[in-house]
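The values are calculated or read from the model by the stated rules, or taken from the named source; none is laboratory data. Computed from a prediction, not measured in an experiment: that's the story for all the values here. Cβ coordinates were reconstructed from backbone atoms using ideal geometry, including for glycine residues, and neighbour counts include every protein chain displayed. When the accessible area is computed, the model is the full protein with side chains, heavy atoms only, and any ligands, DNA or RNA have been set aside. Shrake-Rupley method; radii C 1.70, N 1.55, O 1.52, S 1.80 Å.
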Amino acid sequence: MARLLEVVISGVGIILSAPLLVLAALAIALTSPGPVIFRQERVGRHGKVFILYKLRTMRLVHNGPQVTASGDARVTWVGKILRRTKVDELPELWNVVKGDMSLVGPRPEVPRYVDLEDDRWKLVLKSRPGITDPVTIRLRNEEALLADVNGNYEDFYIKCLQPFKLQGYIDYLHNRSWWSDITVLCRTVLVIVRPSQISQPFQK
């Protein structure tokens with residue numbers, strides 16, 4: 001998708017979602033101490049680290065895994081609603097305007113889970129990370145999947161779920177076109193508006 005088109009779509013998205021963002025920000029501020037916006041380092045194109053913006057959905061803690069499973073005690077009740085509806089990710093539109101991200105592309109990972117020497121990561125990081133992609137749509141219920149893991153779900157994420165994601169990203173990038181990006185955007189909106197049970201890629 002053309003960069004100019006992405007900026008226009010993201011700018012319009014920010015304007016249209018502004019009232020919702022204000023309401024969500026007020027709900028966060030009134031129910032949980034701390035900043036409204038969550039900032040976190042993520043690895044972007046060519047391995048460059050950038051700051052990703054989201055609405056804060058968790059209590060302020062100084063430790064814990066950097067992946068979240070359903071039922072995580074760190075998530076506030078307002079945060080549960082924001083995460084389920086994906087409203088918490090609307091500030092990422094600003095990342096698209098800034099050029100850190102695209103609307104469609106591999107989801108950006110935290111530095112802790114990125115191996116820049118891995119050939120798979122080298123392929124994935126040739127493109128800008130995105131807000132959504134086919135893997136993200138299929139793993140819409142990722143938090144529920146992690147919650148079902150017996151044992152350390154962070155270990156499961158690193159050894160099983162992340163390799164699955166990387167292969168999915170690579171497969172998509174090999175066949176990517178402007179039309180496929182538009183299709184992914186439409187599917188993302190449909191999944192949010194009409195959520196459905198998506199088959200889990202792993203059986204435990």
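Checked against (1) closer than 16 Å to Lys48 by Cβ; (2) open to solvent by 30 Å² or more (accessible area, probe 1.4 Å); (3) touching an Asp or Glu at 6+ places or on another chain (Cβ under 9 Å), Gly130 meets all criteria but (2). Close Cβ contacts (under 6 Å, 6 or more residues apart or on different chains) running from residues in the stretch 1-27 that are farther than 16 Å from Ile81 by Cβ to residues that are open to solvent by 50 Å² or more (accessible area, probe 1.4 Å) and assigned to a helix (DSSP H, G or I) comprise Met1/Trp178. On inspection, Val87 passes the criterion of being surrounded by 14 or more Cβ atoms within 10 Å (Cβ to Cβ) and aliphatic (A, V, I, L, M).
Results for (1) among the polar types (S, T, N, Q); (2) in a helix (DSSP H, G or I); (3) more than 16 Å from Met1 (Cβ to Cβ), shown as yes or no for each residue.
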site: Asn63; (1), (2), (3): yes, no, yes
site: Val67; (1), (2), (3): no, no, yes
site: Gly71; (1), (2), (3): no, no, yes
site: Ile81; (1), (2), (3): no, yes, yes
site: Val97; (1), (2), (3): no, yes, no
site: Leu103; (1), (2), (3): no, no, no
site: Arg107; (1), (2), (3): no, no, yes
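For residues that are charged (D, E, K, R) and closer than 18 Å to Leu23 by Cα, scanning just the stretch 46-77, find the one that is surrounded by the fewest Cβ atoms within 10 Å (Cβ to Cβ). Outline the logic, then answer.
Pass one, the stretch 46-77, residues charged (D, E, K, R): 48, 54, 56, 59, 72, 74.
Imposing the further condition that a residue be closer than 18 Å to Leu23 by Cα reduces the set to 54, 56.
Working: Lys54: 18, Arg56: 22.
Selected residue: Lys54.
Look through Ile14, Ile9, Ile28 and report the one residue that is touching a Leu at 6+ places or on another chain (Cβ under 8 Å), within 23 Å of Val193 (Cα to Cα) and open to solvent by less than 40 Å² (accessible area, probe 1.4 Å). Give the derivation first.
On the way: Ile14 fails: open to solvent by less than 40 Å² (accessible area, probe 1.4 Å); Ile9 fails: open to solvent by less than 40 Å² (accessible area, probe 1.4 Å).
Among Ile14, Ile9, Ile28, only Ile28 is touching a Leu at 6+ places or on another chain (Cβ under 8 Å), within 23 Å of Val193 (Cα to Cα) and open to solvent by less than 40 Å² (accessible area, probe 1.4 Å).
What number of residues in the stretch 46-93 are over 16 Å from the mean Cα position of the chain (by Cα), at positive phi and at pLDDT below 95? Residues that pass the stated criteria total 2. Taking the stretch 122-156 as the range and being over 19 Å from Val96 (Cα atoms), touching a residue at least 12 places away in the same chain (Cβ under 8 Å) and not in a helix (DSSP H, G or I) as the test, the residues that pass are Leu139, Arg140, Asn141, Asp148, Val149, Asn150. Scanning the stretch 164-175 for residues that are free of Cβ contacts under 8 Å to residues at least 24 places away in the same chain and either open to solvent by less than 30 Å² (accessible area, probe 1.4 Å) or part of a helix (DSSP H, G or I) (or both), we see that the one that is nearest to Arg194 (Cα to Cα) is Asp171. Taking the stretch 90-121 as the range and being open to solvent by 10 Å² or more (accessible area, probe 1.4 Å), of a type in the set (A, V, I, L, M) and farther than 21 Å from Ala24 by Cβ as the test, the residues that pass are Val114, Leu116.
Look at Val124 and say whether it is open to solvent by less than 10 Å² (accessible area, probe 1.4 Å) and modelled with pLDDT of 95 or more.
Details: open to solvent by less than 10 Å² (accessible area, probe 1.4 Å): yes; modelled with pLDDT of 95 or more: yes.
Yes.
Residues considered: Ile9, Ile28, Ile51, Ile15. Of these, the only one that is part of a helix (DSSP H, G or I) and closer than 30 Å to Ala147 by Cβ is Ile28.
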